[in-house]
Structures are given as structure tokens and as C-alpha cells.
Amino acid sequence: MANHTKTTTLTDLQQKILANDLYTEADNSGLDTWIDGAVTGKINSCWKRMQSEWTTKLMNDESFTDSIPSNQADFVALVTARSDYKTRKQRDDS
């Protein structure tokens, strides 16, 4: 699986606004840590919702007779390969 890098550029004004609530060092290491934590937290939240939603769907699908994978990578691969899987954008566009 490919890694994806996203670079975010903040203006001085935006950094000052964030510094009002976030503990940041002069080198912005605190801000970097917060951004990393925010992304990790969002991924974990999305994973929990995906796992819960799709475990229920798979268990209720009489045509699905395989076992449900116990590891995250295999679970996501199984779900995203299904014909009834749609991304958020695809669900919103339909």
C-alpha cells in the first residue's frame, strides 16, 4: 500500500490562533504533535465506525459465508472489494 504525504501550510495568523489553545514550542513541535494526533484520532474514529457498520452488514448478509477477518488490513480489503461498498462521496452522490 502506498504512503500518502500531505503538507499543510499555516500562515503566521493561523499559527497564532492555534497557539491560543494549543501548547506549542517555538519550533512548532507541539503543533506538529497535535496535527499528527488529530489525524490519528480521525482515522481511529472512522475505523471504529467502518468495523461496526460492516461487521453487522456481513453478519446479516445470507450470501456471505466466509469468515470475517480479524485484522484491520484484511477486513478493509474485504469490505472495499464488495460490490455494495461505496465511499462517503459515492454515498452522498447517489
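Nothing in this text is a laboratory measurement; each read-out follows from the coordinates by a stated rule. Here the structure is a predicted model, which means the values were calculated and not measured. As a convention, Cβ positions derive from the backbone with ideal geometry for all residues, glycine included, and neighbour counts pool all protein chains shown.
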Handout entry: Formal net charge of residues neighbouring M50 (Cβ-Cβ distance under 11 Å; K, R +1; D, E -1)
Key = +3
Exercise for the section: Under 13 Å from the Cβ of W34, count the other residues' Cβ atoms, weight Lys and Arg +1, Asp and Glu -1, and hand me the total. Expected result: -3
Problem - Theoretical ellipticity at 222 nm over the chain - DSSP helices of four or more residues, -39500 (n - 2.57) apiece, nearest 500 - result: -19000 deg cm²/dmol
Exercise for the section: Please list, or write none, the lysines whose alpha carbon is within less than 29 Å of the alpha carbon of K16, excluding same-chain residues fewer than 8 places away. Expected result: K6, K42
Practice task
Please list, or write none, the lysines whose alpha carbon is within less than 19 Å of the alpha carbon of K57, excluding same-chain residues fewer than 8 places away.
Solution key: K48, K86
Fill in the blank from the handout: In Å, the C-alpha Rg and Dmax of the chain are 19.0, 58
